[in-house]
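One structure below.
The values are calculated or read from the model by the stated rules, or taken from the named source; none is laboratory data. The structure presented is a predicted model; accordingly, all values stated were derived computationally and were not measured. Cβ coordinates were reconstructed from backbone atoms using ideal geometry, including for glycine residues, and neighbour counts include every protein chain displayed.
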Amino acid sequence: MNRETVQRLSQYKNVLHKLKSLGFVRVFSDNLADALGVSASLVRKDFSTFGFTGNKRGGYRIDELLEKMDRLFGKNEIKRIVVVGCGKIGMALINHHGFAREGIRVLAGFDTDPEVINPEASFPIYDVSELPEFVKREKISVAAMAVPEGAAGRVLDTLVECGIHGVLNFTPLQLKSREDCVIHNINIAMEIEKLFYLLRFNENAGQDKVKAPAS
Ligand SMILES: NC(=O)c1ccc[n+]([C@@H]2O[C@H](COP(=O)([O-])OP(=O)(O)OC[C@H]3O[C@@H](n4cnc5c(N)ncnc54)[C@H](O)[C@@H]3O)[C@@H](O)[C@H]2O)c1
């Protein structure tokens, strides 16, 4: 299963939750395709890959799909993570209450700044030197990294040495996944740029369509 498919699966899940909250019981591949901006055949292909069954007339049962997706995502497992770099972005992750609903628990933060470190607080922030022992003791496999760009390479090496196998990288450095660690780069500026590009692309495509009959 590639990264795009996993991402789509998560998007399907969000749409299904919305439809369910609106009182819908069934959904068709066309509905999901419209919501995600993909083709209905891609939705059907994804669903058959995951073994989600429906029928042409009745579509898919939303509850059934959500149950199967929850199983795939390990919804009932608590996903425990740590945050390295507890500045503005790190603290936003730590203070985000919505994670609990998704079964995600931020266990602790790690930083180098003595002003930020507070192991006694209700949410503990430890010195980064305590990271290896903590990761081992708590069997943590995923970390969010929100340190300054200059520290990213070093912190990533430490994380991998500690036994972290998945990193959500918020630094501007585009890091590549390696054999022992999957890295997801989160770059909001790049996403905004992409949106502007898409809007411009759509505008140009629209203009071409209008111009076409005149030529
Ligand atoms: N992903 C995005 O779209 C996006 C948006 C804005 C900023 N950023 C990037 O995210 C990162 C964090 O941004 P911020 O605004 O929270 O910065 P910040 O300065 O508020 O926080 C950084 C924290 O990292 C700590 N730190 C520094 N070196 C460390 C190390 N070696 N180990 C552990 N902690 C260390 C600092 O003490 C500080 O608390 C930066 O790299 C920034 O460029 C990303």
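General remarks:
- Options Gly37, Gly90, Gly98; residue that is under 30 Å from Pro172 (Cβ atoms), touching a Gly at 6+ places or on another chain (Cβ under 7 Å) and not aromatic (Phe, Trp, Tyr): Gly90
Conditions (1) farther than 24 Å from Asp111 by Cβ; (2) near the ligand (Cβ under 9 Å from one of its atoms); (3) at pLDDT 90 or above, marked per residue:
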{"site": "Leu159", "(1), (2), (3)": "no, no, yes"}
{"site": "Ile164", "(1), (2), (3)": "no, no, yes"}
{"site": "Ser177", "(1), (2), (3)": "yes, no, yes"}
{"site": "Cys181", "(1), (2), (3)": "no, no, yes"}
{"site": "Leu195", "(1), (2), (3)": "yes, no, no"}
{"site": "Leu198", "(1), (2), (3)": "yes, no, no"}
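Residue-wise test of (1) over 21 Å from Glu133 (Cα atoms); (2) in contact with a Lys or Arg (Cβ under 7 Å, 6 or more places away or on another chain); (3) in contact (Cβ under 8 Å) with a residue 60 or more places away in the chain; (4) exposed (fewer than 14 other Cβ atoms within 10 Å of the Cβ).
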residue: Thr53; (1), (2), (3), (4): yes, no, no, yes
residue: Lys68; (1), (2), (3), (4): yes, no, no, no
residue: Leu72; (1), (2), (3), (4): yes, no, yes, no
residue: Glu77; (1), (2), (3), (4): yes, no, no, yes
residue: Ala92; (1), (2), (3), (4): yes, no, no, yes
residue: Gly98; (1), (2), (3), (4): yes, no, no, yes
residue: Leu107; (1), (2), (3), (4): no, yes, no, no
residue: Phe110; (1), (2), (3), (4): no, no, no, no
residue: Glu115; (1), (2), (3), (4): yes, no, no, yes
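- When each of Leu16, Leu32 is tested for being touching a residue at least 40 places away in the same chain (Cβ under 8 Å) and buried (at least 17 other Cβ atoms within 10 Å of the Cβ), the lone residue that passes is Leu16.
- Condition check for Ser129: over 17 Å from Ile81 (Cβ atoms), small (Gly, Ala, Ser) and without any contact (Cβ under 8 Å) to a residue 40 or more places away in the chain: yes
- Selection status of Gly85, of a type outside the set (Asp, Glu), in contact (Cβ under 8 Å) with a residue 24 or more places away in the chain and at positive phi: yes
- The strands (runs of 3 or more DSSP E) found wholly in the stretch 142-200 and carrying at least 3 residues that are of a type outside the set (Asp, Glu) and farther than 20 Å from Val128 by Cβ occupy 182-185.
- All positions within the stretch 142-164 that are surrounded by fewer than 15 Cβ atoms within 10 Å (Cβ to Cβ) and under 19 Å from Leu93 (Cα atoms): Pro148, Glu149
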